[in-house]
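For reference, the structure discussed in these notes is given below.
The values are calculated or read from the model by the stated rules, or taken from the named source; none is laboratory data. Small disclaimer: the values here were computed from a predicted structure and weren't measured. Here the Cβ is made from the backbone with ideal geometry for all residues, glycine too, and neighbour counts use every protein chain on show. Note: areas computed on protein heavy atoms with side chains; ligands, DNA, RNA excluded. Shrake-Rupley method; radii C 1.70, N 1.55, O 1.52, S 1.80 Å.
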Amino acid sequence: MLRFRCILHCRAVSRDFPARPRLRMTLQDRPVASVRDRSLSTHGQNELWWDLMPDQIKCRTDKLIQKITQMYDNVGVLGPDEVSFENTLKALADAKLEYAASRHTLDFPQYVSPCREVRHASTEADRKLSDFDVELSMREDVFQRVLALQSKQPDLKTEAKRFMERLIQLGRRNGLHLSKDVQEEIKSTLKLISKLCIDFNKNLNEDNTHLLFTMDELGGMADSYMNGLERTEDGRFRVTLKYPHYFPLMKRCHVQDTRRRMETAFHSRCKEVNTAILEQLIPLRARVARLLGFSSHANYMLAVNMAQTSATVAHFLDEFHVALKPVGEQELRYILELKRRDCEEMGQTFDGQIHAWDMPYYMNQVEQVKFAVDKDKLIEYFPLEVVTQGLLSIYQDLLGLTFQQVPNAHVWHDTVSLYSVQDTASGEEIGQFYLDLHPREGKYGHAACFGLQPSGLGPDGRRRLPVAAMVANFTKPTASWPSLLQHHEVETFFHEFGHVMHEICSRTDYVEFSGTLVETDFVEVPSQMLENWAWEKEPLQRMTRHYKDGSPIPNSLLDKLIASRVANMGLMNLRQVVLSKVDQAFHTKSSADTAEEFARHCRDILGIPATPGTNMTASFSHLAGGYDGQYYSYLWSEVFSMDIFFSRFKKEGVMNPKVGMEYRKVILEAGGSVDGADMLKAFLGREPSQEAFFQCKGLPQLRESD
């Protein structure tokens with residue numbers, strides 16, 4: 001996932017379904033990085049600090065706001081005749097780079113710090129900085145200076161001209177061409193929207209719901225799963241709603257009531273508070289869109305995307321629904337028959353219905369029955385350390401990079417590692433990334449890439465080193481058992497690390513276009529494209545070894561896994577259509593009953609009812625994380641990602657360094673300095689096509705739109 005305040009969003013959902021008192025802390029209470037020797041912690045140009053105390057976060061937030069305000073003031077006081085590239089455009093670029101590079105030390109700890117007080121201080125900093133973001137975006141004086149510069153028709157380089165045009169576009173999208181009273185209404189509403197989004201995600205991050213089950217109630221779970229669970233004094237097992245607990249249970253546990261309880265709890269997370277927030281956000285977003293002259297929030301968001309309008313998105317989703325529906329219905333009939341057989345064998349009453357808590361279980365059964373994929377055996381060949389080593393080697397060879405782990409790195413938790421990235425040919429350090437791969441209390445609950453320090457040219461003309469973090473929730477190792485990954489987790493790893501590479505390889509002059517700052521419906525293209533390596537034999541062989549003896553994975557097991565890629569493709573893609581249509585339904589109207597809207601689309605498109613009393617959208621973090629009105633982007637961009645993979649890499653070699661380097665240069669280095677459509681044409685040598693997407697999914701070909 002790409003999170004847009006500082007992050008890139010999760011994939012798991014697509015495949016599976018008053019004044020604060022001054023705090024005093026002992027050394028043991030502090031984040032782990034604070035006890036380290038700072039002289040050993042910095043590396044290259046990475047100036048990020050992870051040992052700030054709550055009062056330091058507050059102080060630095062205030063100072064950053066003061067500094068950036070002054071930099072904007074320096075532009076705002078210029079006379080219209082005084083504006084120039086240096087004192088206006090470059091000055092704003094320098095301010096944006098300074099701000100982006102400084103704020104994530106302050107707002108990122110809310111997602112990862114092991115200290116609750118630090119997380120809360122970071123959340124408060126995020127609130128204050130998000131309000132400040134609105135203030136900056138509404139600086140009419142600065143907007144007028146950029147317009148004055150444009151009127152002089154300065155001789156600018158291509159990217160500088162694009163930056164100037166972007167600033168003007170953003171000013172108009174924020175209503176700076178409208179009356180003062182309308183501007184004030186927009187500003188106050190945007191601040192409230194920002195606050196509500198932060199609250200929505202904070203509620204999810206802090207959720208620590210768990211359920212207790214007996215051994216019998218967890219029937220069907222593998223030893224590797226059971227060994228990772230905590231036990232209570234009465235011998236029951238503590239199962240959380242974090243991904244490493246939830247998804248394996250939903251796929252493997254043959255006790256229907258256990259799955260029902262878990263699914264109900266999972267889709268009831270923060271139900272009351274976040275449903276209220278979401279149902280406040282919808283009319284607020286619609287109000288801002290109306291003030292800016294758009295018929296809906298969706299149309300406002302889409303105007304700067306490849307799709308352009310909600311009508312285009314509706315047509316796209318409807319076409320996919322029509323193409324996928326007969327396949328999904330056939331798959332549903334098959335899993336219904338699997339359930340009937342199960343009920344007969346176990347002497348249970350067959351109710352003739354697939355429920356939400358049945359879906360993951362029987363979709364997993366399809367893989368075992370149709371494709372003979374032995375999940376218990378398969379997981380033994382995916383120890384996290386081996387997967388990580390193999391994945392990093394694949395990315396290095398493919399993109400012409402060299403990764404080196406930084407010793408004694410300054411990090412926020414002792415399980416986090418930092419890597420330096422060099423261009424192999426020149427030896428130049430081009431970026432750094434953190435890996436934070438295991439769950440812990442208070443940590444962000446999905447998988448995401450967080451951009452922490454963007455690329456761009458500084459005031460001295462030197463490039464700022466891009467830094468990113470991949471945050472995931474893979475099973476923690478225990479004293480007797482290593483961290484073993486499900487294959488879908490390996491796919492998630494490839495996806496999120498694709499976002500990391502997009503951040504690190506960026507070579508734009510302006511931070512406005514750094515890394516993943518592309519159109520939202522293009523941003524998932526690079527990361528989705530790289531998921532394909534998790535389904536190819538050569539890459540899989542490089543990142544698999546048996547956790548006990550290091551033996552290679554048998555070809556027979558690999559062949560069955562690769563063949564199973566087409567399993568449940570109709571239902572999985574229809575699930576994406578449901579989520580995309582729900583998002584569009586919310587954001588093409590001015591109000592919504594969110595639980596009812598989700599239930600209706602599940603029933604009408606999937607033919608499977610939402611569990612009564614739940615509301616999945618209350619934990620649908622995309623809606624408060626930058627994908628509002630834009631969730632269709634996952635399906636939209638997957639069409640392009642498959643075209644890239646099958647047209648170039650599959651034909652010319654999945655580990656072909658020549659194609660990999662061209663991909664790095666054309667797609668990754670360009671960031672948002674080039675339109676997504678133009679990048680696609682340049683890399684493909686033609687207009688993109690849907691053919692590869694449907695071939696890969698084993699689905700009937702959809703007629704190309706005129």
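Below is a table of values for the structure above.
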item	result
Subset of the range 448-464 (residues that are open to solvent by less than 10 Å² (accessible area, probe 1.4 Å) and under 22 Å from the mean Cα position of the chain (by Cα))	Ala448, Cys449, Phe450, Leu452, Gln453, Ser455
Residue in the range 587-608 that is under 25 Å from Phe683 (Cβ atoms), of a type outside the set (Lys, Arg), in a helix (DSSP H, G or I) and open to solvent by 30 Å² or more (accessible area, probe 1.4 Å) present	no
Candidates Val304, Val322, Val313, filtered to the one that is open to solvent by 20 Å² or more (accessible area, probe 1.4 Å), under 26 Å from Val639 (Cβ atoms) and in contact with a Ser or Thr (Cβ under 9 Å, 6 or more places away or on another chain)	Val304
Residue check for Arg285: surrounded by 15 or more Cβ atoms within 10 Å (Cβ to Cβ) and touching a His at 6+ places or on another chain (Cβ under 7 Å)	yes
Total residues in the range 334-377, condition in a helix (DSSP H, G or I), under 22 Å from Glu263 (Cα atoms) and charged (D, E, K, R)	6
Enumeration of residues in the range 414-443 that are polar (S, T, N, Q) and surrounded by fewer than 21 Cβ atoms within 10 Å (Cβ to Cβ)	Thr415, Ser417, Ser420, Gln422, Thr424, Ser426
Matching residues in the range 393-413 - criterion: being surrounded by 19 or more Cβ atoms within 10 Å (Cβ to Cβ) and more than 25 Å from Glu531 (Cβ to Cβ)	Val406, Ala409, His410, Val411, Trp412
Residue count, the range 189-215 (criterion: in contact with a helix residue (DSSP H, G or I) (Cβ under 7 Å, 6 or more places away or on another chain) and assigned to a strand (DSSP E or B))	2
Residues that are touching a Cys at 6+ places or on another chain (Cβ under 6 Å) and either of a type in the set (Gly, Ala, Ser) or under 19 Å from Ala534 (Cβ atoms) (or both), drawn from the range 637-667	Met642
Complete set of residues in the range 350-392 that are out of contact with any helix residue (DSSP H, G or I) (no Cβ under 6 Å at 6 or more places or on another chain), polar (S, T, N, Q) and open to solvent by less than 40 Å² (accessible area, probe 1.4 Å)	Thr388
Tally of residues being open to solvent by less than 50 Å² (accessible area, probe 1.4 Å) and part of a helix (DSSP H, G or I) across the range 142-161	9
Selected residue [open to solvent by less than 30 Å² (accessible area, probe 1.4 Å) and modelled with pLDDT of 95 or more] from Pro54, Pro31	Pro54
Among (1) closer than 26 Å to Gln110 by Cβ; (2) over 31 Å from the mean Cα position of the chain (by Cα) - the single one Asp207 does not satisfy	(2)
Flag if Ala276 is open to solvent by less than 10 Å² (accessible area, probe 1.4 Å) and of a type in the set (Gly, Ala, Ser)	no
First in the range 254-273 and at negative phi and part of a helix (DSSP H, G or I), second anywhere and surrounded by fewer than 16 Cβ atoms within 10 Å (Cβ to Cβ) and of a type in the set (Val, Ile, Thr), Cβ under 8 Å, 6 or more apart	Ala265/Thr209
Which numbered condition Ser689 misses (of (1) in contact with an Asp or Glu (Cβ under 6 Å, 6 or more places away or on another chain); (2) modelled with pLDDT of 95 or more)	(2)
Any hit, the range 542-553, residues being assigned to a loop (DSSP other than H, G, I, E, B), closer than 30 Å to Ile168 by Cα and among the aliphatic types (A, V, I, L, M)	no
Selection from the range 288-301 of residues that are open to solvent by less than 60 Å² (accessible area, probe 1.4 Å) and assigned to a helix (DSSP H, G or I)	Val288, Ala289, Leu291, His297, Ala298, Asn299, Tyr300, Met301
Segments classed as helices (runs of 4 or more DSSP H), wholly inside the range 614-693, with at least 3 members that are over 18 Å from Tyr395 (Cα atoms)	633-644, 676-684
Residues of the range 679-697 classified as under 22 Å from Glu319 (Cα atoms) and aromatic (Phe, Trp, Tyr), total	2
Residue, most open to solvent (accessible area, probe 1.4 Å), within the range 535-581, restricted to residues that are touching a Pro at 6+ places or on another chain (Cβ under 9 Å) and closer than 30 Å to Ser637 by Cα	Gln541
All positions within the range 101-120 that are in contact with a Cys (Cβ under 9 Å, 6 or more places away or on another chain) and open to solvent by 10 Å² or more (accessible area, probe 1.4 Å)	Arg103, His104, Pro109
